[in-house]
Amino acid sequence: MSDVSTGQTIVAIASGAAAGGVGMLRVSGPQSLRIAVALGCPQLKPRHAHYARFRDAAGEVIDDGIALYFPGPRSFTGEDVVELQGHGSPVVLRQLLARCIELGARQARAGEFSERAFLNGKLDLAQAEAIADLIAAGDVRAARAARRSLDGVFSRRVEGVGEQLVRLRIHVEAAIDFADEPLDTLGGAQVRAGIEQAKALLAQLRIDAERGRKLRDGLHAVLIGPPNAGKSSLLNALAGSERAIVTDIAGTTRDTLRETIRIDGLELELVDTAGLREGGDAIEREGMRRARAEMQRADLAIVVLDARDPEAGRAAIGDAAAQAARQLWIHNKSDLLPQWPQDLSEDSIALSAANGQGLEQLHARLREIASHGAGEGMQGEFSARLRHVEALVLASEHLDAADGQLHYDQLELAAEELRLAHDALGEITGRMTADDLLGRIFSSFCIGK
C-alpha cells in the first residue's frame, strides 16, 4: 500500500543545498497544518503569507520567516501542503527539518512530492518528468520546451493519437461480432483510413519527440575516420581546449574519449575514437572495435576525412559510419589545398580544425540536425525522454502490425495489436505504467520535488 493511501505526511528541504538568502521547507500530507501550528505558526489562512517564528520543542526560536498553507486538493500534490520560508542557512533548515520529523512527518524520498502529484491526478507522468527537465534545463530553449511539456503540450498530442486508436479499436471489435461478413462491408475503408491517419500522427509525434529528446539529453555524436585525419584536433577545436592528445603518429588515439560541450545552447556529447584502418597492434584493434560499437548508439557520425584525399579515407572506414542514424562528412585540412572546396554535397563540410575556418558552418549544421531541420523557433517544441521515444516506436510497430492483420481480415489479431499500441502510448502519460517504472522515474528527481 502506498504512503499516499496510508496517510503519511512527508517533509523535505525544497531549496538548494548551498547557503542562500532564502531557504524553503515543504510539508505535504494530512498532518501538515498541525505540524505548522506546533512549530509556532499562527492560524494559517489558505494561500496567504503569514509571518511566523519557528520554534523547537523547548520553545526556543529556530528561525523566523513566512508560512503558506495550501489545502488539498488545490495544491501541487493534491494534499494539504505547508511551505515554510526562512533564512537560507543549511544548518537552520536542517533544524526545521528535524523538528518537523519530531512532530510526525517523514523525510521525503527524492521526487516524492511530484510522485504524489501524479498519484493524486494533479499531473500525468510526462508532466511530472517535465518538472525535472525544467529544473535541469541548460538554456532558454530547453527550458521553454520543458515548460510546454509541463503545460501538457506533449501529453495532449499523445492522448490525441490514443483517442484515434480507441475509435479504431471500437470499430474493429464491433466488426468481430459479424465474422461472416468481409471487413469491406463493415466500414473497412473507414478503418483503413483511420489507421493511415493514426500512423501519420504517430510518425510526426515520433519526430517531434526525438527532437525534444535531443534537446533534453543533447546530441550523441561520434568522431570517426582514418588515422591522422584530424579527429582529435576537431574535438579540441569544438571543446575550446586541449582535451585530446594530437600528434602526427598514426594510432595516437587508442580508446574512446568523451567530452560534453555546448554549442550555442546545443549540448553535444562528443566521442573521439581510434582511427579506423587495417592492421594495428592489439590495443589499437581493441580501440577500433570500441569505435564501431560506439557507432551503434550514436545519433550522428561525424566522419573526419583528410581533404587532400577524401576517397582514400572513405575506403579506409568502409561502412562503419552507416551504423549511426545520420552521417556528416568533414573534409578537414582544407586550408592545405590550393583552393578552398566549393562543390561539396549537402552532408559535407570543408573546414580546418587547425585555424577554425568552417567551424561556424559546422555549428549551424549540428543545430539543424538536433532540431530535425525544424529551426530554432519552434512554437510546439516540447521536452521528451528516451523512454517516450521508445514507447512511440513500439506503438508504431503494433499499429503497422494491426494494419497488416486487417489486410487479411484477421480482426481479432488486429484488435489485439491496436490494444498493444494504445497501451504503449499509455506508458508515456502513466495510464499503463508498472509500479517499478514509477519508482525509477521519480527516484531521479531532486529532494523536495
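At-a-glance table
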{"item": "Alpha-carbon radius of gyration plus Dmax, which is the widest Cα pair, for region 130-169 in Å", "result": "13.4, 42"}
{"item": "Accessible area in square angstrom per residue, region 327-373, 1.4 angstrom probe", "result": "50 Å²"}
{"item": "Rg in Å to one decimal, and Dmax rounded to a whole Å, for region 103-168 via C-alpha atoms", "result": "14.9, 54"}
{"item": "For SER348, distant residues with modelled amide H under 5 Å away", "result": "TRP329"}
{"item": "Rounded percent of accessible protein surface that carbon and sulfur make up, region 72-148, 1.4 Å probe", "result": "55 percent"}
{"item": "Region 1-84, Rg to Rh (Cα coordinates; Rh as Kirkwood inverse mean 1/r)", "result": "0.97"}
{"item": "Ratio of the Cα radius of gyration of region 330-371 to 2.2 N^0.38 Å, where N counts its residues", "result": "1.16"}
{"item": "Pairwise Cα inverse-distance average, inverted: Kirkwood Rh of region 378-419 (Å)", "result": "11.6 Å"}
{"item": "Average accessible area per residue (Å²) across region 105-149 - probe 1.4 Å, nucleic acids and ligands excluded", "result": "36 Å²"}
{"item": "Alpha carbon convex hull of region 1-148, volume per residue in cubic angstrom", "result": "115 Å³"}
{"item": "Spatially proximal lysines relative to LYS333 (Cα-Cα < 19 Å; intrachain offsets below 8 disregarded)", "result": "LYS231"}
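The values are calculated or read from the model by the stated rules, or taken from the named source; none is laboratory data. If you're wondering where the values come from, they're calculated on a predicted model, not measured in any experiment. Please note that ligands, DNA and RNA were not included when accessible areas were found on the heavy atoms of the full protein model with its side chains. Shrake-Rupley method; radii C 1.70, N 1.55, O 1.52, S 1.80 Å.
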